[in-house]
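One structure below.
The values are calculated or read from the model by the stated rules, or taken from the named source; none is laboratory data. None of the values given here were measured: they were computed from a predicted structure. Neighbour counts are summed over all protein chains in view; Cβ atoms, including those assigned to glycine, are modelled from backbone coordinates with ideal geometry.
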Amino acid sequence: MPGAPVPPEVTDAASFQAASGATDAQMGDLERFRALLSDWNEKMNLVGPSAMDAFWPRHAWDSAQLLKIEFAAKVWADLGAGAGFPGLVLAILLKDTPGAEVHLVESMAKRCRFLEAVVGTLNLPAKVHNARAESLSLNVEVVTARACAPMVKLLGFARPYLRGGAVGLFLKGQDVASELTEATKCWKFDADLIQSLSGSEGQIVRVKGLSRVRPV
């Protein structure tokens, strides 16, 4: 039997464009986002010191791969949007898609100011919500999060969206199995693990349905 497809290797802007299928216009927006992130990062701690060097393989590609899983989805919510991964990347790649909208949910006001600056500068189909994720009631097709919280807490944040029919796509690392085990003590849900294209240790948890077993 043939082996599993080899994930594309992304190391820079050119290989990102080849792997993601981004247009030249989208690449231009991503470069402007990268520049804005670098500028704002000097004033506030949005990403770690090594993040800019790993922008294309570790952050942009990690985010963009979600569109290969839920390729027909137009309306997304990114919980704990922070520096804009994956939400701003998704908004850039969906910019010319009719009906597309990305809800960027972030509880820290200073991070919201950064997100609003990028959305406004690039004229993105996105809306910034300075709120706790679980306090909102948004009708979306996909709810996502990256480096937001352990699964047991993240499912609580995502509960309103999942109960509304959204699919969850949560970017996780090598501890995902233990996180899922812990989450099943409090929640009942259907989950599949998808190997990340951006790193061998990364996993994407695809969640459908959610009900509470006991309080978190």
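Among what's in the range 93-129 and is acidic (Asp, Glu) and within 22 Å of Ala166 (Cβ to Cβ), pick the residue that is surrounded by the fewest Cβ atoms within 10 Å (Cβ to Cβ). In this case the residue turns out to be Glu101. On the stretch given as the range 152-190, residues that are of a type in the set (Gly, Ala, Ser) and closer than 18 Å to Val75 by Cβ total 5. Taking the conditions (1) of a type outside the set (Ser, Thr, Tyr); (2) modelled with pLDDT under 95; (3) over 26 Å from Val205 (Cα atoms) in turn, Ala13 satisfies each one other than (2). Looking at the range 150-216, the strands (runs of 3 or more DSSP E) lying wholly inside it that each contain 2 or more residues that are surrounded by fewer than 18 Cβ atoms within 10 Å (Cβ to Cβ) sit at 187-195, 203-212. Against the conditions (1) farther than 24 Å from Lys95 by Cα; (2) in a strand (DSSP E or B); (3) of a type in the set (Ser, Thr, Tyr), Thr144 satisfies every one except (1).
Checked against the criterion of being free of Cβ contacts under 8 Å to residues at least 60 places away in the same chain and under 11 Å from the mean Cα position of the chain (by Cα), the candidates Gly120, Gly80, Gly84, Gly99 yield just one match: Gly84. Here the range 59-110 is the region considered, the condition is being in a loop (DSSP other than H, G, I, E, B) and of a type in the set (S, T, N, Q), and the residue that is farthest from Lys43 (Cα to Cα) is Thr97.
Sub-7 Å Cβ pairs linking a first residue in the range 166-185 that is touching a residue at least 12 places away in the same chain (Cβ under 8 Å) to a second residue that is in a helix (DSSP H, G or I) and not hydrophobic (A, V, I, L, M, F, W, C), at least 6 apart or interchain, are Leu171/Asp62; Lys172/Glu179, ordered by first then second residue.
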